[in-house]
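Worksheet for the structure shown next.
The values are calculated or read from the model by the stated rules, or taken from the named source; none is laboratory data. Values in this document were obtained by computation on a predicted structure and should not be read as measured data. Backbone-built Cβ (ideal geometry, glycine too); neighbour counts: all protein chains shown. Ligands, DNA and RNA are excluded from the accessible area calculation, which covers all protein heavy atoms including side chains. Shrake-Rupley method; radii C 1.70, N 1.55, O 1.52, S 1.80 Å.
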Amino acid sequence: MDGNGRWAKKRFLPRVAGHQRGVEAVREAVKACRELGVEYLTLFAFSSENWRRPAEEVSFLMQLFLKMLEREVAKLHENNIRLKIIGDRSHFDDQLNRRIAEAEQLTANNTSLTLTIAANYGGRWDIMQAVQAMLRARTELSAGFNETELEPYLSMHYAPEPDLFIRTGGEQRISNFLLWQMAYTELYFTDTLWPAFDREALQAAIQSYQARERRFGRTSEQVQSEQVQEGKVDA
Ligand code: IPE
Ligand code: MG
């Protein structure tokens, strides 16, 4: 979710007004995903690098996050949405960590949409914490380990790998998001600033995704003959 600051600046508003409008865009995206049958939506709200911003902006974002948790969780629960927070929580204050734990617990068994908020998240941090957790859990020290052994320790172990990555705000980079998990994810970049990213914008991204051929390293011919065999397309 990028472009809140620029959205505000264009309107001669303070950056924080952009973040506030960004929250509206989050509500709309969650609603649209639920209606479109998307099962997993993961939002990059705050990266481990965002601490470098001016202190007032960081503190505003933390307050906004806390307020969102307090205000929105009941509504998420009513809508059968499971909420997950990923990222390094060690820098959050106790109140925020308590709210996070309560929200996750309350919504743990919900089944319509899994909404994950990445807060103080970094893809490299994720891989490192997974390696450390895996090594701690090992009873015997063996030399090697494989991907399957590491995966249960990654932050998003409960979800399939993402199909589609959307970055708003015109920048074309991943910025340390789900590095491990995005190995085969389709990337979509749009100039639309996050506060202006509405249902139509989401649908345009999904349409772009639907027009792509996902080969996972195979050839186009292989993929197509497989689809014929599975009856997904006509021969
Ligand atoms: C994204 O918008 C929101 C967060 C990272 C919290 P920005 O704040 O990065 O907005 P721009 O990039 O300055 O427009
Ligand atoms: Mg930005």
So what's the net charge close to LYS232: Lys and Arg +1, Asp and Glu -1, counting the other residues with Cβ under 13 Å from its Cβ? -3
Checked region 168-216 with the C-alpha gyration tensor, a ≥ b ≥ c its square-rooted eigenvalues, rounded below a/c of 1.5, otherwise prolate if a/b is larger than b/c and oblate if not; verdict oblate
Measuring with a 1.4 Å probe in the full set of protein chains, what accessible area per residue, in whole Å², belongs to the chain? 59 Å²
Enumerate lysine pairs in the chain that are 8 or more residues apart or on different chains, then count those whose Cα atoms are under 21 Å apart. 6
At 1.4 Å probe size, what's the solvent-accessible area of ASP94? Round to the nearest 10 Å². 120 Å²
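What value, in deg cm²/dmol to 500, does the helix sum -39500 (n - 2.57) over DSSP H runs of n ≥ 4 give at 222 nm once divided by the residues of the chain?
-14500 deg cm²/dmol
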Translational diffusion coefficient, Stokes-Einstein: compute it for region 4-230 using the Kirkwood radius over C-alpha pairs as Rh, at 4 °C and 1.567 mPa s, and state it as an integer in µm² s⁻¹. 67 µm²/s
Would you tally the net charge around PHE197, using a Cβ to Cβ cut-off of less than 11 Å, leaving PHE197 out, and scoring K and R as +1, D and E as -1? -3
Just how far, in whole angstrom, is region 170-224 from region 90-109 if you go by their alpha carbon centroids? 30 Å
Accessible surface of TRP51 in the full protein assembly, 1.4 angstrom probe, to the nearest 10 Å²? 90 Å²
